[in-house]
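> Dumping the structure here so I can ask a few things about it.
The values are calculated or read from the model by the stated rules, or taken from the named source; none is laboratory data. Predicted model, so just to flag it, every value in this text is computed and none were measured. Ideal geometry is used to build each Cβ from the backbone, glycine not excepted, and the neighbour counts take in all protein chains shown.
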Amino acid sequence: MITLSPYIIKLFNTEIRRYENVNTGLFSLVSIFETFHDEILVNANVDVDEKKAIKAGSKNIMTNSIDGIFKVGEYGYESELHHTVSSSSTTRTIQEAELLPFYFYLQTGTGSENALLFLQRFKIFGIRTILETYLQEHINTIFPRDKYMLHIDPLVFPEIIGSYFATSEVKRIRFIKSTYSDIADMYSQDNIHAYDAEFSVAIKRNRTFAQQLQRPVSDLFSTTDPSDYPTMITQLSTLVGAPTVNYDNVKVELRRDGKTKTVDLVNARKVRHSYDVTNDVVLGANGHPTIDSLRLVSASISTNLSDMIWD
């Protein structure tokens, strides 16, 4: 599966305590990405503690955007590389890193502090953490150190969360209400806020019931701000016919891409959404999607999200 994960990238100015406009004549996040990419084009940045390396591949600069390849991999262990046709083998040493290509696409809006960043995932691997670490170090070399703090955060809108639920199967819904660990605590002024236990009402029905919930649950998440979780909890309990209780949280167990994931409404903003572009890209001779095909799909998704990001 080939996926693209969307992020919002910002630069916080610690001197004036606000986010910078990332697309001006004097300050351009695209230019920062360009110089960082050029810096590691020949010599990789190596994280000795994490045993990881990042190196640049190709890049392409467009109006208000840049895309290309960052190669990232791990080292520190020996492995055998076996040729499946000739049956010959070579040994990869502990100093050698297997660098896999990861696509990136950065789009900035005019007069905005928000930039949209897509990062490709390869199987279970991603590059957000190592990219954020070394991009921050690069920023510290071209501006006064610690003047700008880089923030790369998952893009989360009601529509994004709704899309996540729309492509998942609802398996189980748990309505949770916190309770006192001991009845006596209810009358103790010292422990009046002690909530050490909880009870839950589980809604686990047959497959038909789960399928019937799919659309209304998706619609609920698509139309409600993730921060307004009390409203979502109330509406969801009404939707499934749960007992009328002032619940503190709801946890929804989902099945997606063959994996089970539990999402709680109080932390709905932590939902990680990615776009499955497997059928929208062209594979090259190296077994990886071509940059041109990744650029087309990234630009298309960016256009669809532009009104939400740069309204």
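> For region 27-43, which positions are under 14 Å from Glu137 (Cα atoms) and of a type outside the set (Asp, Glu)?
The answer is Ile32, Phe33, Thr35, Phe36, His37, Ile40.
> When you check Val48 against the structure, is it of a type in the set (A, V, I, L, M, F, W, C), under 22 Å from Phe125 (Cβ atoms), surrounded by fewer than 17 Cβ atoms within 10 Å (Cβ to Cβ) and out of contact with any Gly (no Cβ under 6 Å at 6 or more places or on another chain), yes or no? Before you say what the answer is, go through the steps one by one.
Working: of a type in the set (A, V, I, L, M, F, W, C): yes; under 22 Å from Phe125 (Cβ atoms): yes; surrounded by fewer than 17 Cβ atoms within 10 Å (Cβ to Cβ): yes; out of contact with any Gly (no Cβ under 6 Å at 6 or more places or on another chain): yes.
Yes.
Okay, residues lined up against (1) more than 27 Å from Gly126 (Cβ to Cβ); (2) modelled with pLDDT of 75 or more:
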position: Pro216; (1), (2): yes, no
position: Ser227; (1), (2): no, no
position: Thr234; (1), (2): yes, yes
position: Tyr247; (1), (2): yes, yes
position: Val250; (1), (2): yes, yes
position: Asp276; (1), (2): no, yes
position: Ser306; (1), (2): no, yes
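Condition check ((1) touching a Leu at 6+ places or on another chain (Cβ under 7 Å); (2) in a loop (DSSP other than H, G, I, E, B); (3) crowded, with 17+ Cβ neighbours inside 10 Å) across all residues:
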{"site": "Met232", "(1), (2), (3)": "yes, no, yes"}
{"site": "Pro243", "(1), (2), (3)": "no, yes, no"}
{"site": "Tyr247", "(1), (2), (3)": "no, yes, yes"}
{"site": "Asn279", "(1), (2), (3)": "no, no, no"}
{"site": "Gly287", "(1), (2), (3)": "no, yes, no"}
{"site": "Leu294", "(1), (2), (3)": "no, no, yes"}
{"site": "Ala299", "(1), (2), (3)": "no, no, no"}
{"site": "Thr303", "(1), (2), (3)": "no, no, no"}
{"site": "Ser306", "(1), (2), (3)": "no, no, no"}
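Table: residues versus (1) buried (at least 16 other Cβ atoms within 10 Å of the Cβ); (2) within 26 Å of Ser5 (Cβ to Cβ); (3) within 27 Å of the chain's Cα centre (by Cα); (4) aromatic (Phe, Trp, Tyr).
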residue	(1), (2), (3), (4)
Glu74	no, yes, yes, no
His82	no, no, no, no
Ser86	no, no, no, no
Thr93	no, no, no, no
Leu135	yes, yes, yes, no
Asn140	no, yes, yes, no
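> Only one of Val266, Val245, Val281, Val250 is in contact (Cβ under 8 Å) with a residue 24 or more places away in the chain and assigned by TED's automatic domain parsing to the domain that holds Leu106; which?
Details: Val266 fails: assigned by TED's automatic domain parsing to the domain that holds Leu106; Val245 fails: assigned by TED's automatic domain parsing to the domain that holds Leu106; Val250 fails: assigned by TED's automatic domain parsing to the domain that holds Leu106.
Of Val266, Val245, Val281, Val250, the one residue that is in contact (Cβ under 8 Å) with a residue 24 or more places away in the chain and assigned by TED's automatic domain parsing to the domain that holds Leu106 is Val281.
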